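Only one structure is covered here, and it is reproduced in the block below.
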């Protein structure tokens, strides 16, 4: 049945809708169809060859091969095309799972036979193959992945069954031959659509910092929030991308951080972050002091993964606070116009030139799509309130 569906997908490929990133993700990502990978004629598992960022390995279904595809990049480092391919390894069967694990061992899934294979570093054939049916994985397996560093469940090995749309957490143990035996396997979730690809975005990825992207062969690519073990939570499913057709393996470009996904006919799609920097807007009136009026500004890009620099100009060695709030207000506090709630306060003194600069690395995923309201205030004995303050700024982190 799956072969007939594959053939139908190939016949309808020209009539399929264009690849599209869906809301709300389309405010942050855009997709580019890179065309067919040379020598790869079916949907594939994909992964980058460690130490060779211009070589993408592709394990095309029913090919019995893993191909090394040479990539072409533009001046910004983004993949724009291909420069041929060579045979990397010969395997008994393959599918949408292809991932390097501990010790540089390459893991691959084998559809139909419902097997998991392993290739030792430098090898050109499988060194170990395990049947998954006796371990409780319904026919047949679809994909596999290791949770990357920096994400919940880092280092854990995950399997997904195409046939049953089941998700598994797997514990591996060294077998003494350089490869790994399956020590335990636990069913953690029931998904949908026939999972064929797994990609964990980095923690700073807009809207996806606590998600896993799963290529559902029959449906598209969907985003699922994950638990502390890195397993998807089925109730959180959100469609992410449509139009690739025969959605399969995913990989992250080690140079640009772009997401790559393979599809029917060996096509490759590149998904890049396209979020504009969030706006930085001044508002409200400053409260002048008797000797100076502080000025607060912010420069840089208000987007996850980027950096802002906050700057305050005032009087030499002036003592005060930088107020950071989650709500915008306008309240007269004894002659001082308070413009933000006081959710966080940064006590400080300006330097001998009357300046303070504070770098702000936007790496926490919880900061995404959030407004922050900032205002600086300083002691001023001659003013009615004993204080002076800057006008405020509204920073929308995208």
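The values are calculated or read from the model by the stated rules, or taken from the named source; none is laboratory data. All figures in this text were calculated on a predicted structure; none of them were measured in a lab. So basically every Cβ, Gly included, is an ideal-geometry build from the backbone, and we count neighbours across all protein chains shown.
Within the bounds of the stretch 327-336, is there any residue that is touching a helix residue (DSSP H, G or I) at 6+ places or on another chain (Cβ under 8 Å) and closer than 30 Å to residue 25 by Cβ?
no
Might you let me know whether the stretch 127-146 holds any residue that is closer than 15 Å to residue 64 by Cα, in the same structural domain as residue 173 (by TED's automatic domain parsing) and buried (at least 21 other Cβ atoms within 10 Å of the Cβ)?
No, that holds for no residue.
Quick check, is residue 67 more than 22 Å from residue 172 (Cα to Cα) and surrounded by fewer than 16 Cβ atoms within 10 Å (Cβ to Cβ)?
no
For the stretch 75-120, how many residues meet the condition of being assigned to a loop (DSSP other than H, G, I, E, B), under 24 Å from the mean Cα position of the chain (by Cα) and touching a residue at least 24 places away in the same chain (Cβ under 8 Å)?
Summing the residues that are assigned to a loop (DSSP other than H, G, I, E, B), under 24 Å from the mean Cα position of the chain (by Cα) and touching a residue at least 24 places away in the same chain (Cβ under 8 Å) in the stretch 75-120 gives 8.
Could you figure out which of (1) touching a residue at least 40 places away in the same chain (Cβ under 8 Å); (2) more than 32 Å from the chain's Cα centre (by Cα) isn't true of residue 311?
Among (1) touching a residue at least 40 places away in the same chain (Cβ under 8 Å); (2) more than 32 Å from the chain's Cα centre (by Cα), residue 311 violates only (2).
Does any residue of the stretch 244-264 turn out to be in contact with a helix residue (DSSP H, G or I) (Cβ under 6 Å, 6 or more places away or on another chain), crowded, with 17+ Cβ neighbours inside 10 Å and assigned to a helix (DSSP H, G or I)?
For the stretch 244-264, residues in contact with a helix residue (DSSP H, G or I) (Cβ under 6 Å, 6 or more places away or on another chain), crowded, with 17+ Cβ neighbours inside 10 Å and assigned to a helix (DSSP H, G or I): present.
Got a sec? Which of 323, 344 is assigned by TED's automatic domain parsing to the domain that holds residue 298, without any contact (Cβ under 8 Å) to a residue 60 or more places away in the chain and under 18 Å from residue 280 (Cα atoms)?
Just one listed residue meets the conditions, 323.
Looking at 89, 68, 83, which is the one that is at pLDDT 95 or above and either under 27 Å from residue 274 (Cα atoms) or not assigned by TED's automatic domain parsing to the domain that holds residue 265 (or both)?
Just a single option satisfies the conditions, and that option is 83.
Assess whether residue 389 counts as being touching a strand residue (DSSP E or B) at 6+ places or on another chain (Cβ under 8 Å) and in contact (Cβ under 8 Å) with a residue 24 or more places away in the chain.
Here the answer is yes, as residue 389 does meet what is asked.
Would you call residue 227 surrounded by fewer than 18 Cβ atoms within 10 Å (Cβ to Cβ) and either under 22 Å from the mean Cα position of the chain (by Cα) or not assigned by TED's automatic domain parsing to the domain that holds residue 246 (or both)?
So residue 227 fits the description; yes.
Does the stretch 328-348 hold any residues that are part of a strand (DSSP E or B) and loosely packed, with under 13 Cβ neighbours inside 10 Å, and which are they?
330, 331, 332, 333, 347
Any residue in the stretch 170-182 that is surrounded by 24 or more Cβ atoms within 10 Å (Cβ to Cβ), assigned to a strand (DSSP E or B) and at pLDDT 95 or above?
Scanning the stretch 170-182 turns up no residue that is surrounded by 24 or more Cβ atoms within 10 Å (Cβ to Cβ), assigned to a strand (DSSP E or B) and at pLDDT 95 or above.
Return yes when residue 382 is within 30 Å of residue 209 (Cα to Cα) and modelled with pLDDT under 95 and no when it is not.
No; evaluated as a whole, the condition is false for this residue.
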